[in-house]
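Reading through the structure tokens given below for one structure.
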Amino acid sequence: MIAFLEFFTDYKSTFTFGLIYGLFALSTYASLASGVLSVAAASFGAVGGFTYARIRLDHDLGLGLGLLIGIGVGMATAIILSFVLLRLASHYVAMATIALVLITRVFIVNLPDLTGGANGISVPRQSSLWSVLAVTAVSLFIFWRLANSRYGMAAVTVREDPQAASTLGVDPRHVQRIGLLLSGGIGGVAGVLMADQLQFIGPNTFYIDLAFTMLAAVVLGGAYHWFGAIVGAMVFRFLPELLSEFIDDGHEIANGILLVIIMIYLPRGIVDPRRRKQRERPLWPPSRRSSSGPAIDEQPEAVLS
């Protein structure tokens, strides 16, 4: 217990940012779960983070209201983008969202009155580890409830086979728009918390490296379960910190090697619901005779007849 408390104290900041990264990864998972490969979570975070920072400085905004504003602007951005993105094929959606992240940085640099331009903008901190943990817990509860809802089943069907979903009466575009809407809301919240914890955001805070890292976190943690996003984000936050204690230089290379090994042996990610079902399945399936009834009792009857 004492060792755990010492570890928690030493890595408190890493754990806090791991949770925020987890929210970004959840934003990426929300669209991926409905079959839309998107890295727009970074742009949703930028919209939420810079909006919160500007209003916070001008009107002394509280964190709770800032989170609500982050959800609102993130979802508004997502719903506008959905009318363009969902007209594209899957791989073109990914390319379009990469371009979106690049364009977002251009807007940030060229709107200095709102974003501080190339110099960025400073924000006084309001959040703590516990407030970030509470927001993450609420987000996970929402994803848990959605996974067991009609939307969750429709999203899985659309992701696996959109044509089959259409045959079953599910509108794939409507389901994917809801996925993007959810992605925008969670991304906006993550952006607000990122800005508040860093106390400074600039053009490179929500850039392409964040977008690709969060996509890799979802793939590593498990793209078929909502909790995999949190696990993958934690691995990406803690692995460099832990390896830096043993390796002075080149720990990023070691990170890459370890991640490749994990992906080879766990291709569906660390959290894989199918692996758990396989473990629960009996090693030897019940024989037809034993499953069909009391075969031992039937044989004497046949002999007697």
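The values are calculated or read from the model by the stated rules, or taken from the named source; none is laboratory data. The structure presented is a predicted model; accordingly, all values stated were derived computationally and were not measured. In this analysis, Cβ positions are derived from the backbone assuming ideal geometry, glycine residues included, and neighbour counts consider all displayed protein chains. Protein only, heavy atoms only, side chains kept; ligands, DNA and RNA dropped before computing areas. Shrake-Rupley method; radii C 1.70, N 1.55, O 1.52, S 1.80 Å.
Regarding the stretch 144-163, can at least one residue be identified that is farther than 24 Å from residue 80 by Cα, in contact with a helix residue (DSSP H, G or I) (Cβ under 8 Å, 6 or more places away or on another chain) and not aliphatic (A, V, I, L, M)?
Among the residues of the stretch 144-163, at least one is farther than 24 Å from residue 80 by Cα, in contact with a helix residue (DSSP H, G or I) (Cβ under 8 Å, 6 or more places away or on another chain) and not aliphatic (A, V, I, L, M), which makes the answer yes.
Within the stretch 215-305, considering only helices (runs of 4 or more DSSP H) that don't extend past its boundaries, which have at least 2 residues that are modelled with pLDDT of 80 or more?
Filter on the stretch 215-305 gives 226-243, 251-265.
Would you mention how many residues in the stretch 54-95 are under 15 Å from residue 27 (Cα atoms), surrounded by fewer than 18 Cβ atoms within 10 Å (Cβ to Cβ) and among the hydroxyl-bearing types (Ser, Thr, Tyr)?
Adding up the residues that qualify gives 0.
Looking at 195, 190 in this structure, which one is in contact with a Leu (Cβ under 8 Å, 6 or more places away or on another chain), open to solvent by less than 10 Å² (accessible area, probe 1.4 Å) and over 20 Å from residue 90 (Cα atoms)?
Unique residue meeting the criteria: 190.
If only one of 159, 150 is open to solvent by 50 Å² or more (accessible area, probe 1.4 Å), touching a residue at least 12 places away in the same chain (Cβ under 8 Å) and of a type in the set (D, E, K, R), which one is it?
From the options 159, 150, the qualifying one is 159.
Evaluate the stretch 110-120: report whether one residue or more is without any contact (Cβ under 8 Å) to a residue 12 or more places away in the chain and β-branched (Val, Ile, Thr).
Within the stretch 110-120, not a single residue is without any contact (Cβ under 8 Å) to a residue 12 or more places away in the chain and β-branched (Val, Ile, Thr).
Can you name the residue in the stretch 1-40 that is free of Cβ contacts under 8 Å to residues at least 60 places away in the same chain and of a type in the set (Gly, Ala, Ser) and, of all such residues, is farthest from residue 134 (Cα to Cα)?
3
In the stretch 96-137, which residue that is open to solvent by 80 Å² or more (accessible area, probe 1.4 Å) and under 30 Å from residue 9 (Cα atoms) is modelled with the highest pLDDT?
The selected residue is 130.
Taking the options 44, 50, name whichever one is over 14 Å from the mean Cα position of the chain (by Cα), surrounded by 24 or more Cβ atoms within 10 Å (Cβ to Cβ) and of a type in the set (Phe, Trp, Tyr).
Answer to the selection: 50.
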